[in-house]
1. Among the residues in the stretch 51-62, are any among the β-branched types (Val, Ile, Thr) and buried (at least 17 other Cβ atoms within 10 Å of the Cβ)?
2. Go through 118, 142, 83, 111 for me and flag whichever is touching a Phe, Trp or Tyr at 6+ places or on another chain (Cβ under 6 Å), without any contact (Cβ under 8 Å) to a residue 60 or more places away in the chain, among the charged types (D, E, K, R) and not in a helix (DSSP H, G or I).
3. What pairs can you find where one residue is in the stretch 40-56 and on the phi > 0 side of the Ramachandran plot, the other is buried (at least 16 other Cβ atoms within 10 Å of the Cβ) and not aliphatic (A, V, I, L, M), and their Cβ atoms are less than 9 Å apart, with a gap of 6+ or different chains?
4. Checking the condition under 24 Å from residue 183 (Cα atoms) and in contact with a Gly (Cβ under 9 Å, 6 or more places away or on another chain), which residue from 118, 127, 140, 164 passes?
5. Pick from 125, 93: which is modelled with pLDDT under 90 and assigned to a helix (DSSP H, G or I)?
6. Scan the stretch 31-50 residue by residue and report those that are within 34 Å of the chain's Cα centre (by Cα) and either part of a helix (DSSP H, G or I) or crowded, with 19+ Cβ neighbours inside 10 Å (or both).
7. Does the stretch 169-186 contain any residue that is under 22 Å from residue 125 (Cβ atoms) and at pLDDT below 90?
8. Mind checking whether some residue in the stretch 63-78 is assigned to a helix (DSSP H, G or I) and in contact (Cβ under 8 Å) with a residue 24 or more places away in the chain?
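The values are calculated or read from the model by the stated rules, or taken from the named source; none is laboratory data. From a predicted model like this one, the values you see are computed outputs, not experimental measurements. Cβ: placed from backbone, ideal geometry, glycine included. Neighbour counts: every protein chain shown.
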Amino acid sequence: MLRAFCGNLVTCEVKVSFTYGKVAVISADLRINDRIRVPQVRLIGYSGEQIGIVDTDKALEMADEVGLDLVEISPDATPPVCKVMDFGKYKYEVAQKAREARQNQTHIVVKEMRLGLKIEPHDYETKRNHIEKFLKGGDKVKVTVQFRGREQTRPEMGYRLLMKLAEELVEIAVVEFAPKKEGRSMTMVLGPTVKKATQKKSEKSEKSEKSEKKAAPQQASVADPISTEKETEVAQ
């Protein structure tokens, strides 16, 4: 979330969400130009050079001469530290960082798949393929075995079924929560070995490689007529 109030006093709040719901909040309250009321400031120039302690009125004049703003970046220092900068550009960069943070945040989705204790081999293969697809997409999968009637007296059969599934998917999944019986069902949670963020990066790299391979033949086809013309001229 980004909040900005245009004017001399600007408040920016950026919220970034990471995997497993961890949240980091960065906030900044900045005073600029005539909102800076202290008599003196420690001034940093537009290029980062240390100018030193100057009167605030003088610092405002220096910023105005180059058509920029005087921004208080360290109000708790004695005297406060101010920098000459393009404040509009600064606000744009803050917005860009907030946008990038939203794009990079990872959403963990838990899919659910139910199995019967007497599931047919064909149905088992179909559901296993669905689970494999979820895991390769970076999502977790909660697998539940339902016990019916006298099946409740044979929980070990449900355990074996779930562990068989985990062993078959061992290359792409890890058991995050071991099989546990709760009432008339037994549940196990599988997590992907490759995180969703890593999966997205690999997909992007694959797309870029494919686009480069497609572009290479086109460049070669453009170059071929030129080389043919040169060969014809030599032959003549």
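1. Yes, there is a match, as at least one residue in the stretch 51-62 is among the β-branched types (Val, Ile, Thr) and buried (at least 17 other Cβ atoms within 10 Å of the Cβ).
2. One residue alone meets the criteria, 111.
3. 48/83; 52/42
4. 140
5. 93
6. Within the stretch 31-50, 31, 32, 44 qualify.
7. no
8. Yes; the residues of the stretch 63-78 include at least one that is assigned to a helix (DSSP H, G or I) and in contact (Cβ under 8 Å) with a residue 24 or more places away in the chain.
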